[in-house]
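Okay, structure first, notes after.
Nothing in this text is a laboratory measurement; each read-out follows from the coordinates by a stated rule. Given the structure is predicted, the values throughout are model-derived calculations rather than measurements. Using ideal geometry, Cβ is built from the backbone for each residue, glycine included, and neighbour counts are taken over all protein chains shown.
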């Protein structure tokens, strides 16, 4: 991952996903769950929690039920148009 604190809005993502455990303000470990991606790849989900993103404007965006997946290449905010 180029920048572990960088986030991408993904209109195809059904969940928020973060690779960096240090970004979570609340955290619950999870065992035995997997994320199945569109390209048929899978990744282990190791935790779930809340992440607070600080915007350049000074505002904060709180994401809940964020999946912790250490091997994901980009942090994703689930978004829709």
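The table below gives the values:
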read-out: Cβ-based exposure ranking for 51, 9, 77, in which fewest neighbours within 10 Å come first; value: 9, 77, 51
read-out: Packing rank of 22-28, 57-63, where each peptide gets the mean count of other beta carbons within 10 Å, highest leading; value: 22-28, 57-63
read-out: Candidate values [x] 37, 28, 24; [y] 33, 30, 24; [z] 49, 27, 21, label of the one derived for Cα extents along the principal axes in Å; value: [x]
read-out: 10, 71 arranged by Cβ crowding within 10 Å, fewest neighbours leading; value: 71, 10
